[in-house]
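Read the structure below first, then the notes.
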Ligand code: DP6
């Protein structure tokens, strides 16, 4: 599409805060161009957020695009390089970028390597800033389109980031169940039972060391994994079943699928060539104790895992008191320095200077 560039110099300053998310149906395996091999569905978090501010200066006719990137107030050349490459990649979708100098300031309110996906919140926040910049320069966009474009741009930075744009739950990837779903952006998932409005996610930090394999390397290993096709079929089936469970308020069905997804993700990593084991002995102990506690008490709780050793303990907000006691008495001992990060279903991104969330 040909975009009409304005004739005048424009400059401005704006910011967005964007949360991370935890995938319930996992994205693991992709095609070139950040196209997922299967649809994924995630829960948006609330507390774990990246806050990004940009100062932009758009000078038409001048092919100059300086970039300055600071993380936590300091110059961050390694991150900066990744951002530079990302900006180049998205230029066809945001043509203003070829005439725009940017100063980007970013920071997380959660620790690195804590088992919380920081690329999701970081790329989400940056994408929202860039699409708002485009809106300020070219004129306003319809709200749904604004968030869809932000999700599309975020996906090109990191697949899971496409899902961080929406409140509560989001789906990324084409599925016949959702007419407007797409492999190129995520959409909000709204038809779920009220029981799933308040889900807590206590992240049990077993090991805070940086990841042994990057997600990108992990996705690539799926190309040679003998179980890949079966996994993609399983993800599609699990998505249908999870959606049904969420609509019907079927907690048992929900947790069975979420746990299967977590274990399959690790099974895929273990059976890769080369294979990797990202769980630690403490991870397995926690998983077993969670299942035993559930069996004994019938309480609504279960686990998810990311590509690492830390455990996301998911439970219903109404049971928070009892589950907190369970965490303190039985699980904290497996956590590094007793670290547990408490989060819950979130309201989505927030524009700086705006009280309203997405
Ligand atoms: C295990 O989104 O980090 O968290 O697209 O290469 O940046 P890239 O990968 P990324 O992969 C996320 C993998 C996961 C599962 C998920 O979030 O769906």
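Each value in this text was obtained by applying a stated rule to the coordinates, not by laboratory testing. Bear in mind the structure is a predicted one, so any value in this text is a computation, not a measurement. FYI the Cβ positions are ideal-geometry reconstructions off the backbone, even for glycines, and counts take in every protein chain you see.
With all distinct Cα pairs included, what does the Kirkwood hydrodynamic radius of segment 195-344 come out to in Å, to one decimal, could you say?
Evaluated over segment 195-344, this radius sits at 16.2 Å.
Cα convex hull, segment 10-191: 115 Å³ per residue, rounded to a whole number.
Extent of the chain along its three principal axes (Cα atoms, max minus min coordinate, largest first): 69, 43, 42 Å. In the chain, the DSSP beta bridges split such that about 90 percent are antiparallel, to the nearest 5. In terms of its C-alpha gyration tensor, segment 268-358 has an oblate overall shape, because the principal axis ratio a/c (a ≥ b ≥ c, square roots of the eigenvalues) is not below 1.5 and a/b does not outweigh b/c. Model label points for residue 85 and residue 319, set 7 angstrom from Cα along the Cα-to-Cβ axis, are 4.3 nm apart. Based on C-alpha pairs under 8 angstrom that are at least 6 apart in sequence, the chain has a relative contact order of 23 percent.
Output the antiparallel fraction of DSSP beta bridges having both residues in segment 10-191, as a percent to the nearest 5.
85 percent
Summary of the geometry: segment 37-87 and segment 15-36, compared by the centres of their Cα atoms, lie 16 Å apart. Summary of packing: across the peptides 81-90, 118-127, the per-residue average of other C-beta atoms within 10 Å ranks them, highest first, as 118-127, 81-90.
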